[in-house]
């Protein structure tokens, strides 16, 4: 499962994204889209972290900006197993470009959500969350596997210099049947309790461990995370 975080600085920004221009950005169409492999390398991996924080203060302006970073733990190729992919293609800073009419902070936020969707996050969450924590929780619930490829990333920097770089492109592996968890052996999954009630929440299987009126206390079968949710938000399993 991913080990994800949301800093207090990012949380202040995230609270604003359910209304106004940022809400429009998250619900609109997504804009187009430290790498230890050469361009052209392909493989599979699991999302090991979604880190939501802010950039360091700019020395000149003192400004800080929200940022979303994804880390991928490599499964294949075998020679790269255990390495971590991060950086370009898996990171988005939410701020205006030099010309906000061409690239605004809202565009950057939409691109950040598109990045999470490329890692498998369902649009029903990215476009409908009430609390941004829901986006991070989805990755923490169970291993989320992706196919990845290293691509060229050539661009002109702010000083007008040509930079020949690379970036990581990802697509979710939809059928995860038979894929072992990268960070948890299958035999560590909680055994099914024949006397318990189970449900599905945000795509993951949970055990119902408490009930209070319209609220349920549930425990993730794989993650062990315990949370309180509304009954209407879960699907009871037979």
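The values are calculated or read from the model by the stated rules, or taken from the named source; none is laboratory data. Just so it is clear, the model here is predicted, and its values are computed rather than measured. Here the Cβ positions follow ideal geometry from the backbone for every residue, glycine too, while neighbour counts run over all protein chains shown.
Keeping to the range 94-141, report how many residues are assigned to a helix (DSSP H, G or I) and closer than 16 Å to residue 20 by Cβ.
7
Taking the condition surrounded by 21 or more Cβ atoms within 10 Å (Cβ to Cβ) and in the same structural domain as residue 93 (by TED's automatic domain parsing), does residue 47 pass?
The answer is yes for residue 47.
For the subset of the range 142-186 comprising residues that are surrounded by 14 or more Cβ atoms within 10 Å (Cβ to Cβ), in contact with a helix residue (DSSP H, G or I) (Cβ under 9 Å, 6 or more places away or on another chain) and part of a strand (DSSP E or B), which member is modelled with the lowest pLDDT?
Selected residue: 172.
Return only the number of the condition from (1) closer than 21 Å to residue 135 by Cβ; (2) out of contact with any helix residue (DSSP H, G or I) (no Cβ under 6 Å at 6 or more places or on another chain); (3) surrounded by 17 or more Cβ atoms within 10 Å (Cβ to Cβ) that residue 35 does not satisfy.
(1)
Within the range 1-12, track down each residue that is at pLDDT 90 or above and more than 15 Å from residue 69 (Cα to Cα).
Result: 8, 12.
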